[in-house]
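Participant: For reference, the structure I am asking about is given below.
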Amino acid sequence: MTGILAGLRIVEGSAFIAAPLGGMTLAQLGADVIRFDDIKGGLDNDRWPITKDGRSIYWAGLNKGKRSIAVDLRSPRGRELLTALITSPGEGAGIFTTNMPARGWLSYEELSKKRADLIALNIVGARDGSAHVDYTVNAITGFPMVTGPVGHDGPVNAVAPPWDLATAYAGAMAILALAAGTAFLSFPLVGQPQVKEEVTSDGSGIHVDPGGRILYRPSLSYPPSAAQSRTTGAVVLDLTLDGKGQVADARVVSDV
């Protein structure tokens, strides 16, 4: 594993597969991911398979590389502590991801009052907000009816949870895109860059420090205002390396 995301901190409130796997992916790339669960145990803390002493292999397998805390989510003090953790100041912080109901004190609207540049990812089941898991999504799409041996009559459940896996990686990429767009990330590259700065027409640009770290600091606000409704905050960088792995060129392709 590599520490390319060192300095990035994500607070995660999650269960089952999609959100925990997305957070674990970021943790394995060097981010500091802090998962919180209710003090009485999370929804998946005892999910099978389990060891002889009753510990969940499932839970451990989806939370490698993270830090973990248990909080009384029903108490005002517990909610206060988590709010402070999610919205704590500092570069690389202020990122929250969950596949649980993000309502009330955990909603983006409430948390962003404490930190205006908060990045919050909420994985939901359907567009109307109703819950779904991989098994229900599989059934809705009809995949169980086209799976299985030739001549088999009836549905066959998939061995792997493809929709959870796809959602996990899509969520991780969304976090990285937004974090890069708000200048949370700096990417260490091999060798010394050949370009010092290129400014785009909207005033944003690439800035390279003496250590060869490319920093993107856009002038746009996030989330976009009405006047900037065409910009969603996803930033596309075009990096060109030479044969020695050095940066030969770097430019902003587009803000889409």
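Participant: Apply 1/(1 + (r/R0)^6) to the Cβ-Cβ distance of His152 and Glu91, taking R0 = 35 Å, and write down the FRET efficiency to the nearest 0.05. Mind showing how you got there, number by number?
Facilitator: On the way: r = 55 Å, r/R0 = 1.57.
Calculated value: 0.05.
Participant: Further, regarding this structure: Between Ala116 and Arg79, what is 0.36 nm times their sequence separation minus the Cα-Cα distance? Round to one decimal in nm.
Facilitator: 11.4 nm
Participant: Over 27 Å between Cα atoms, which of Lys40/Lys64; Lys66/Lys114; Lys64/Lys113 qualify? Display every interim value, and only then the final one.
Facilitator: Numbers: Lys40/Lys64 21 Å; Lys66/Lys114 24 Å; Lys64/Lys113 31 Å.
Beyond 27 Å between Cα atoms: Lys64/Lys113.
Participant: Under the rule of at least 5 residues apart or a separate chain, name every residue whose amide H is placed under 5 Å from the amide H of Arg47.
Facilitator: Trp59
Participant: In terms of solvent-accessible area of protein heavy atoms at a 1.4 angstrom probe, what is the ranking of Tyr108, Tyr58, Tyr169, highest value first?
Facilitator: Ranked list, largest accessible area first: Tyr169, Tyr108, Tyr58.
Participant: Then there is this: At a 1.4 Å probe radius, which order do Lys113, Lys52, Lys66, Lys40 fall into by accessible area, largest first?
Facilitator: The residues order as Lys52, Lys40, Lys113, Lys66, largest area first.
Participant: What's the extension gain from Trp105 to Lys52 if we count 0.36 nm per residue and subtract their Cα-Cα distance?
Facilitator: Residue separation times 0.36 nm, minus the Cα-Cα distance, leaves 15.2 nm.
Participant: Residue by residue, what Karplus-based ³J(HN,Hα) values in Hz, rounded to whole numbers, does region 63-79 have, using 6.51, -1.76 and 1.60 with θ = phi - 60° and x for Gly and Pro?
Facilitator: 10, 5, x, 9, 9, 9, 9, 10, 9, 6, 5, 8, 8, x, 5, x, 5
Participant: Would you kindly derive the ³J(HN,Hα) couplings of region 127-144 from the backbone phi angles with the Karplus curve 6.51 cos²θ - 1.76 cosθ + 1.60 (θ = phi - 60°), listing them in order in whole Hz, with x for Gly and Pro?
Facilitator: 4, 7, x, 6, 7, 9, 10, 4, 5, 6, 5, 4, 5, 4, 6, x, 4, x
The values are calculated or read from the model by the stated rules, or taken from the named source; none is laboratory data. Computed from a prediction, not measured in an experiment: that's the story for all the values here. Here Cβ is always computed from backbone atoms with ideal geometry, including for glycine, and neighbour counts include all displayed protein chains. Remember, those area values only see protein heavy atoms, side chains included, never the ligands or the DNA or RNA. Shrake-Rupley method; radii C 1.70, N 1.55, O 1.52, S 1.80 Å.
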